[in-house]
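Here the structure comes first, spelled out in structure tokens, and everything after it is commentary.
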Amino acid sequence: MRAGCLRFIAGILAALLISSAALAGPDPSAAEYRSRRESLMKQAGGGVILLMGAEKRLDLAPFRQNNVFFYLSGIEEPGAAMVLLPDGNKHLLFLKPTPESLEAWEGPGLKPGPETEKLHLFDKSCLYSELPALLAEIVGKKDPIFHLHLAPEEIGAAITDTVTPIFEARKEDMLDGRPTREENLRTQISLMFANTTVKDVSPLMNGMRAVKSASEQATMRKAAEITAAGWDAVLRAAAPGMYEYQLGSILGHECRMRGGQDWPYWPIVGSGPNSLILHYMKNIRKASAGEIVLMDAACGFSYMSCDVTRTFPISGKFSEEQARIYNDLLEVQEALVAEVKPGISLSALHAKSEEMLAKKGYKGRTRHFLGHYIGMAVHDPGDYNAPLAPGMAITIEPGIYIQEKSLGIRIEDTILVTETGRENLTAGIPKTIKDIEAAMARD
Ligand SMILES: [Mn+2]
């Protein structure tokens, strides 16, 4: 195996390789993953791109690939790495096959070889243990520019917004001080190769992920569709005396029954005073008659997220006061959704939201920004001041929070920006008082 990989690298250096255009894989999505890698290489403009997949999990839960590695390969295998060589357009995959002693427990896993290369449209696959020696071969005689992904990897429900401050605090802790996995890789590469320039591909990756391809849009629609089925079950089942976790569990069950495997974020199910806690995730309280439930919960599908909030009366009927405030918010939310189109920014939409809510008497009652980008991560990275473009996806989620009334209301939809305006992916989930009450009245 080692000799084969080294010979392959020698071939690259001599520029004697066959064109990759002749390759054809049996998995149609493999071609899209390959073209994403090619696009990244083009944007990087030379040098070696080295990207690490997620490591084997420490718990007994199914493996989940990090978003960037999945975006570029579709491969779900612990401990994989890829090396992309823009000069010559060569894609190398490195794998840590399951040891034979563990195959009976974990299954065979993905092994290096022609089958894997054909399936995933890589030019060569090798053992991960060969990677350091191969890098030395590649870099030894060439311009040592390395492109690494230096932003912390996102896995599952992890989002950069929340992960970054956790890692910062860890670095500042005198009893800890650990660098991130990415910073550590940068250090290791700098120790292995003298005079190395390291560049960060995170901004390029963020830019690519921001605009959803047709297949990504279809996956987001699917996530929204199963989310809607879950919400239908939640609204039918909701009744006084239910625990918050039971409402979340119903949504989760309906999603799993339809092939959604992971939460894009843990459900937030706040009844009564808990409706005021923006990221309340304990979900342990019993909802009592007359109370509002703010439920921010949705399904993921195949590494794409959905994000929905609905606020409903646990008894099935809004009180007069709840209805008045709810309708004020709904009017603003619907007006803002109608404003979504290419050219406008999330910041501009947020300013409009604050202005409209202030006019209705809710100045100081909003607690958060209007929305965020969404995609593989529920909060996809992106610039809130940049104009929206077709193919981008965002949430619109204004909220009103009145502490002294123990009342929090938020209404949130996942919106795809189109050429001419928007497609509200979650429009099918009841949102008007009439529709919510009708959905809750059914058996
Ligand atoms: Mn959201």
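The values are calculated or read from the model by the stated rules, or taken from the named source; none is laboratory data. Quick caveat: nothing in here was measured; it's all calculated off a predicted structure. Note that we place each Cβ from the backbone using ideal geometry, even for glycine, and neighbour counts take in every protein chain shown.
Brief remarks follow.
- Being under 24 Å from residue 428 (Cβ atoms) and not in a helix (DSSP H, G or I) is a condition met by at least one residue of region 270-289.
- Selection within region 313-338 - loosely packed, with under 15 Cβ neighbours inside 10 Å and acidic (Asp, Glu): 320, 321, 331
- Test: residue 310 is of a type in the set (Lys, Arg) and touching an Asp or Glu at 6+ places or on another chain (Cβ under 9 Å): yes
- Scanning region 230-247 for residues that are in contact (Cβ under 8 Å) with a residue 40 or more places away in the chain and either of a type in the set (A, V, I, L, M) or touching a Phe, Trp or Tyr at 6+ places or on another chain (Cβ under 8 Å) (or both) returns 234, 235, 238, 239, 242, 247.
- Condition check for residue 212: modelled with pLDDT under 95 and either surrounded by 14 or more Cβ atoms within 10 Å (Cβ to Cβ) or in a strand (DSSP E or B) (or both): no
- Scanning region 282-340 for residues that are within 16 Å of the ligand (Cβ to nearest atom) and either modelled with pLDDT under 95 or not aliphatic (A, V, I, L, M) (or both) turns up 296, 299, 300, 305, 306, 307, 309, 310, 311, 333.
- Matching residues, region 257-279, being more than 14 Å from the ligand (Cβ to nearest atom), within 27 Å of residue 63 (Cα to Cα) and crowded, with 23+ Cβ neighbours inside 10 Å: 260, 269
Yes/no per residue for (1) among the aliphatic types (A, V, I, L, M); (2) loosely packed, with under 14 Cβ neighbours inside 10 Å; (3) at pLDDT below 95:
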| position | (1), (2), (3) |
| --- | --- |
| 404 | no, yes, no |
| 411 | yes, no, no |
| 423 | no, no, no |
| 428 | no, no, no |
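Residue by residue, here is whether (1) more than 27 Å from the chain's Cα centre (by Cα); (2) modelled with pLDDT of 95 or more; (3) aromatic (Phe, Trp, Tyr); (4) assigned to a helix (DSSP H, G or I) holds:
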residue	(1), (2), (3), (4)
104	yes, no, no, yes
112	yes, yes, no, no
115	yes, yes, no, yes
133	yes, no, no, yes
138	yes, no, no, yes
142	yes, no, no, no
147	no, yes, no, no
164	no, no, no, yes
176	yes, yes, no, no
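- Scanning region 287-312 for residues that are free of Cβ contacts under 8 Å to residues at least 60 places away in the same chain and surrounded by fewer than 24 Cβ atoms within 10 Å (Cβ to Cβ) turns up 288, 289, 290, 291, 293.
- Whenever a residue of region 208-228 is over 20 Å from residue 388 (Cα atoms), its partners that are modelled with pLDDT of 95 or more and part of a helix (DSSP H, G or I), lying with C-beta atoms within less than 9 angstrom and at least six residues away or across chains, give the pairs 223/255; 226/254; 226/255; 226/257; 227/251; 227/254; 227/255.
- Residues located in region 349-395, provided they are within 16 Å of the ligand (Cβ to nearest atom) and not in a loop (DSSP other than H, G, I, E, B): 349, 350, 353, 373, 393, 394, 395
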